[in-house]
């Protein structure tokens with residue numbers, strides 16, 4: 001099922017380019033590098049930089065996974 005979800009989301013461009021953790025060949029290390037690079041560029045250009053960082057790790061423990069799979073199946077059947 002995981003492979004099917006990845007193929008489906010990739011084929012239909014469901015995940016945005018900024019979604020690093022769930023896309024193939026895209027890691028959270030890449031997002032860290034990208035954000036750090038953007039911050040350094042802004043500082044070099046004399047911009048004021050601020051950030052708000054939220055740890056959402058536990059947020060996904062609360063999601064009903066069966067419900068998400070059910071919704072995905074319903075959407076997939078509509079497109080068929």
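The values are calculated or read from the model by the stated rules, or taken from the named source; none is laboratory data. Fair warning: this is a prediction, and the values are worked out from it, not measured in the lab. Reconstructed Cβ throughout: ideal geometry from the backbone, glycine too, with neighbour counts over all protein chains shown.
General remarks:
- Filtered by the rule that a residue be outside any helix (DSSP H, G or I) and at pLDDT 65 or above, the stretch 59-80 gives 63, 64.
- Residues within the stretch 1-17 that are outside any helix (DSSP H, G or I) and within 17 Å of residue 68 (Cα to Cα), tallied: 3
- Evaluated against (1) farther than 15 Å from residue 5 by Cα; (2) surrounded by 11 or more Cβ atoms within 10 Å (Cβ to Cβ); (3) at pLDDT 75 or above, residue 27 falls short on exactly one condition, (3).
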